[in-house]
Structures are given as C-alpha cells and as structure tokens.
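Data first, discussion second: the structure below is written as structure tokens.
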C-alpha cells in the first residue's frame, strides 16, 4: 500500500480500517514506496551547458518582464511570511483542529475535512468529512497516534533546523509495515520528507520560518507555478523529485502573493493527491469547533 493508497483510506474511511486514519493522516504524503538503493552521481556542468542555462534564464526575464523566483527564493519568502504569524498556544491535553480540503487519489473526489488530533499524541481524536457539494457529514474516531500534533520543541535557527531535517528519522513504511531505512533514500529526499511530515501537524511560527529557510538549502528543489490546490486556489509549488524512473515527487504549496503555506501535493506511481488548508486552531476536545 502506497502513501496515496493510505490517503485514499483517510479520505474514504468506508473502504479501509478506521484505525489507520489518526496516525497516518499527518504522514500520508511523507511515505514514498520502497525502492532499491541508488548511488549518488556527481554531475559536471560544462561551460556550454552553463551558457545554455544562463541564456534560458535571460529568456525568462525577457518574456515576463521580471525575474522568476527560484525555489530557494520562494521558500525564503515563505519563511518571512511564517515568521509574521501569531503563535497558537496549546496545553498537552488539548487538540489541534484542522479544516482542509483533500482530493481522493483513486477517484479524484474532493472532500472537506475537519480533524482533531491530540496535542501530545496520547489521546484519541476525530475525523469528520463531507463530499464537495453535499451537506451530509460523516464522522470517524481516530486512535491516539503516539506522535505529537503540536511541535513547540523544534529548532528556530535555520542551520540547526537543517541539521535536524537531515538527521531526524521518521518511519517511511508501506501498509504492511515494510519500512525504508534512512540510508536507502538520498539524504536530500529524506530531509524534504521530514519537513513535509512536520507540516502535517502544527509548527510554531519561528520554527516554521526556520524550516522553510532550511528547506531552501536542500539541493534539487524546483518551482512550479499556477498549481491548483484541493480548494481550487492557484498556488506556487516547490517540489523535490524523487529521481526514479516513475517521476515521483513531493510538493509544498504557497500563496503566490503572500507566500503563506497552503498545503501539499504528492505524486506516487502516477497517482496525485492534493490538500488545501483552510484554518488551524486549538480546541479542548474532539468535535469542538473553534
């Protein structure tokens, strides 16, 4: 079972065990399929290739009238936007409430979801959803995941955060609990996956700013413009291709004007899943609205 298969279960609980929802909801897109080890290959840029790249950059400026922001620039602007946001305070016994749109990978059905996830990961939560265009809500209990949904202990220095992303282990497993050790994935891909995994929960503004600044230093990221999120909003995406023959990728989505983080997309084996965050808050109990 791939990450997007798991997301399908989250968005469509009637077709899978309900106890998958709570723990995997924040991790669904950070679990690429298992693959064989790949060797690092150094690529040399010749003078001719460099000249071609520079010429392409000049054409972009000439065509648009202004330089296009690269991936590092987008992430640094996102860091500045994150640093200006107010911080949500939470107690360990409270819940992170998220309201968001999600696209079911298998059938591309759009659903509106509300989730309540334990701040300290020790308490069961709840998931509610309705299909776009419907007023009927469905509710599913979610078990305690054992993983905090509220991150207030992360580095706020970009270099310290970069070290954390490259050294922090998260399980990358399929539905049969077959996991990929960190050493079998390129370091930059693992670091990007860790960043995406953290963003499934609530990261305080200073730490989120450091996370985006750190991600700006991860090599291989690319920019994609005019990407639609699950709510139909036009966004700017920063992706890191996995580099295999299937062309899998993970992509963070930002508002193209304010650079506020809006959600993510992920492609695995040709299936694409998308989210769109509407609001995040803190509540005292599952089912309570802010």
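How far apart, in nm, are the 7 Å Cα→Cβ label points at residue 187 and residue 89?
So the label points at residue 187 and residue 89 sit 4.0 nm apart.
Can you pull a Stokes-Einstein diffusion coefficient for segment 194-244 at 37 °C (0.692 mPa s), Rh from Kirkwood over Cα pairs, as a whole number of µm²/s?
Once the numbers are plugged in, D ends up at 262 µm²/s.
Sort 110-122, 203-215, 75-87 by packing, meaning the average of other beta carbons within 10 Å per residue, with the highest value first.
203-215, 110-122, 75-87
Quick one: pull the percentage of alpha-carbon pairs in segment 199-290 with a separation above 17 Å.
Percent of Cα pairs beyond 17 Å in segment 199-290: 56.
Along the Cα-to-Cβ line of residue 288, 7 Å from the Cα, sits a label point; which residues in segment 85-116 have backbone N less than 18 Å from it?
88-99, 114-116
Pop the C-beta distance of residue 280 and residue 144 into the FRET formula with R0 = 30 Å and round what comes out to the nearest 0.05.
Calculated transfer efficiency: 0.90.
Modelled label-to-label distance, residue 134 and residue 168, 7 Å Cα→beta-carbon offset: nm?
It is 3.6 nm.
A short reminder: the numbers here are calculations on the coordinates, not readings from a lab. Note that the structure is a prediction, hence the values are computed from the model and not measured. Every residue, glycine as well, gets a Cβ built from its backbone with ideal geometry; the counts of neighbours run over all protein chains shown.
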